[in-house]
Amino acid sequence: MKKILISLITVFISLIVMFLVIQNMPGDPVDMMAQDIVKNEHLEYELAYQRAKSILNYDPDEPLVNRFSKYVKGIVTGNLGTSMSYKKDVIDIVMGALPWTLLVVSISLLLSFIIGVLLGIYIAWKRKKGLNTALIIYQSIFGAIPNYVVGYLLVIVFAVTLGWLPSRGPYSSNVTPGFNGAFIGDMLKHAILPVLAYFTTTVAGWIISMKANSLSVLGEDYITYAQVRGLPRRRILIKYLGKNAMLPMITILAVNFGLMFGGSPLIENLFLYPGVGYYLNIAIARRDFPLMQGMFLMIIIMVVLSSFIAELLYKILNPRLREG
Amino acid sequence: MAKEMNSVKYKLNRGDGIKGFFRAIWKNKMSRIGLIILIFFLLMAIFGPMILQDPKSDYAHRLQPASWKHPLGLDYAGKDILVQLVLGSRDVLLVAFYAAFFAIAFACIVGIVSGLFGGKVDAILMLVSNVVLTIPSFPVTMILSMVLKVDNQLTFGLVLSLWSWAGLAKAIRAQVLGIKHKEFIEASRILGISKFRIITNDIIPNIISYIAVNFIAIMKGAILASVGLMYLGLVPFKGNHWGMMIQLSMSSTGALIGSSSIVYFLAPVVNLILFQLGSYLFATGLDEALNPRLRT
């Protein structure tokens, strides 16, 4: 209960911070739109300005406090305002963007986590020097290249040169969205390259931290004791080593989930994938304040929620924490 | 060497400390290779711009392949790629250095004050840190780069640092709490030495190795973030920067397919990898050299 309260306070303060930062961005969106109207319809500037204000439903002359209270009221009632550039409710855009980001981020995170955990244990258990060196070389290369550059290279190889996979968008125009096989297959096909771009750049990090955890667990007395007792190797690997080395990584998993949500502008921009990051990028470029705030609200909620879930999971998996 | 490490660490002769430090780095194969790579980039960043001039656009000779005169060829505007790469190294390193410097400074101030003073100050500072940690840094940095006009290395570094100190601040706070009640700090306090002197003389020397490792880590992150911001076209940065080269190679020449502009794309990417590799090896070795517990 206390945890929920702290999470809510954090969300609220984060929102104030983001609100203040966004409101201090240079560039007046009303002015930008008014200029457009003057150019296109040859109206007088004063008139055009008034009109832009009513179209955007945003008044820069209103005191900051009023704007903020309006904003908070909107969040509580689920009304995030109208997007300036899309002329649509922000909440609709946010809800439309969320599933796409969730799809790509969760698949790639789970994939790299599972493979990282398995390979990490393997390398720690077998202690093969060659494999370890290969891992370090891989990590220094793919940990250093930004994921969108990897994505770009993947597009060149798999979309342009080989022509196997689509390079942009969430699905093709010739399938009808809905719960049918053709659509789901097409959607998954479009997700492969973004997922691969995330996966190749993060998997080595998982292997390395799992390896380090496993090595420290291997030094514990209960492993030696289990070996002396002659327990089957599989049992030691899974029950003793795997579980104990994996526990601390659950927290990192949650943190990374949030981090990937934050890093999505780059990948989604490259693949023209209409997720949270893609719209955030557009909102910033067009000074679309309501849309920007909406996307930030989503990002913050996802981060807080995932760390909350991680804590619950940690408690369930770690019996020592369950009591008391 | 072993004797030095085993003896109590908090009052080392300064000269001996530095000598021992470098000896430890040199002894470790990983940090030695990393150090050599980093020195190479440092020399390039310092002396490159002294020797070379900013290349001029020459559209008559655009996209030329490598030759003796232009070892990496010319880009889409007829500029020498190698020259841009060398000139860019200074901007890349300066931006990253400023970012790391500011971030470490913020983290040290927040972490040390929080850990040392405790109470309400601690509670407020940790609340701020938690808020900063809650909002992912890259989207915030995107907006901050619009709020603060980025047009030189200093402002760029500042923007990158504004949202990247919180995790380190919490770690430093934990370290301070760990040594706060050690005898030598208690002794200083009883002797009536000011808090400022305690911080500079007793606390900072004890966490300096930790800070050194993090300095490199933050520089690494700052380079990736700076390249990312440029890729999105959010930073109207004047000068040469590898991020600018990557962005231009992807946007202006678009098709890398079969054209010689692939060099223009790969050159900064390969340099990024090399630099990050150097930092990684150096930091890993540094960790081992400074942290006797990690040595086996």
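Among the candidates A:SER69, A:SER83, the residue that is away from every other protein chain (no Cβ under 14 Å) and crowded, with 18+ Cβ neighbours inside 10 Å is uniquely A:SER83. Being away from chain A (no Cβ under 14 Å), polar (S, T, N, Q) and part of a helix (DSSP H, G or I): is that true of B:ASN240 here? Judged against the criteria, B:ASN240 is not a match.
If the condition is being open to solvent by 20 Å² or more (accessible area, probe 1.4 Å) and among the hydrophobic types (A, V, I, L, M, F, W, C), then the stretch A:249-269 contributes A:ILE252, A:LEU253, A:VAL255, A:PHE257, A:LEU259.
Would the stretch B:239-262 turn up any residue that is more than 20 Å from A:VAL149 (Cα to Cα) and modelled with pLDDT under 80? Yes, because at least one residue in the stretch B:239-262 is more than 20 Å from A:VAL149 (Cα to Cα) and modelled with pLDDT under 80.
Take the residues of the stretch B:182-209 that are touching a Phe, Trp or Tyr at 6+ places or on another chain (Cβ under 7 Å) and closer than 22 Å to B:TRP165 by Cβ: which is surrounded by the most Cβ atoms within 10 Å (Cβ to Cβ)? For the stretch B:182-209, the residue satisfying everything is B:ASN206.
Yes/no per residue for (1) within 14 Å of another protein chain (Cβ to nearest Cβ); (2) touching a residue at least 60 places away in the same chain (Cβ under 8 Å):
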residue: A:LYS2; (1), (2): no, no
residue: A:ILE6; (1), (2): yes, no
residue: A:PHE12; (1), (2): yes, no
residue: A:GLN23; (1), (2): yes, yes
residue: A:ALA34; (1), (2): no, no
residue: A:ASN40; (1), (2): no, no
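Within the stretch A:77-110, being within 30 Å of A:ILE250 (Cα to Cα) and among the aromatic types (Phe, Trp, Tyr) holds for one residue alone: A:TRP100. So which residues in the stretch A:277-295 are within 9 Å of chain B (Cβ to nearest Cβ) and under 25 Å from A:VAL72 (Cβ atoms)? Once the filter is applied, which keeps residues that are within 9 Å of chain B (Cβ to nearest Cβ) and under 25 Å from A:VAL72 (Cβ atoms), the stretch A:277-295 yields A:GLY277, A:LEU280, A:ILE284, A:ARG287, A:MET292, A:MET295. For the stretch B:101-148, give me each residue that is over 19 Å from B:ILE218 (Cα atoms), within 14 Å of chain A (Cβ to nearest Cβ) and touching a Ser or Thr at 6+ places or on another chain (Cβ under 7 Å). Answer for the stretch B:101-148, where residues must be over 19 Å from B:ILE218 (Cα atoms), within 14 Å of chain A (Cβ to nearest Cβ) and touching a Ser or Thr at 6+ places or on another chain (Cβ under 7 Å): B:LEU125, B:MET126, B:VAL131, B:LEU148. Of all the listed residues (A:LEU297, A:LEU291, A:LEU280), the sole one being open to solvent by 10 Å² or more (accessible area, probe 1.4 Å) and of a type in the set (A, V, I, L, M) is A:LEU297. Where residues in the stretch A:142-194 are aliphatic (A, V, I, L, M), more than 14 Å from chain B (Cβ to nearest Cβ) and in contact with a helix residue (DSSP H, G or I) (Cβ under 6 Å, 6 or more places away or on another chain), which of them is nearest to B:GLY278 (Cα to Cα)? My answer is A:LEU193.
Of the candidates A:PRO274, A:PRO248, the single residue that is outside any helix (DSSP H, G or I), out of contact with any Leu (no Cβ under 6 Å at 6 or more places or on another chain) and more than 10 Å from chain B (Cβ to nearest Cβ) is A:PRO274.
Helices (runs of 4 or more DSSP H) fully within the stretch B:104-162 that include at least 3 residues being over 19 Å from B:MET230 (Cβ atoms): B:119-134. Exactly one residue out of A:GLY163, A:GLY169 is within 19 Å of the chain's Cα centre (by Cα) and more than 20 Å from A:LEU111 (Cβ to Cβ), and it is A:GLY169.
Among the conditions (1) under 16 Å from the mean Cα position of the chain (by Cα); (2) buried (at least 22 other Cβ atoms within 10 Å of the Cβ); (3) within 12 Å of chain A (Cβ to nearest Cβ), the only one that B:GLY167 does not satisfy is (2).
Return yes when B:ALA212 is part of a helix (DSSP H, G or I), farther than 30 Å from A:TYR278 by Cβ and either more than 12 Å from chain A (Cβ to nearest Cβ) or touching a Phe, Trp or Tyr at 6+ places or on another chain (Cβ under 7 Å) (or both) and no when it is not.
Here the answer is yes, as B:ALA212 does meet what is asked.
Of the helices (runs of 4 or more DSSP H) lying entirely inside the stretch A:138-235, those containing at least 2 residues that are crowded, with 20+ Cβ neighbours inside 10 Å and at pLDDT 80 or above are A:147-154, A:181-218.
The values are calculated or read from the model by the stated rules, or taken from the named source; none is laboratory data. Not measured: the values here are computed from a predicted model. As a convention, Cβ positions derive from the backbone with ideal geometry for all residues, glycine included, and neighbour counts pool all protein chains shown. SASA here: full protein model, heavy atoms, side chains in, ligands and nucleic acids out. Shrake-Rupley method; radii C 1.70, N 1.55, O 1.52, S 1.80 Å.
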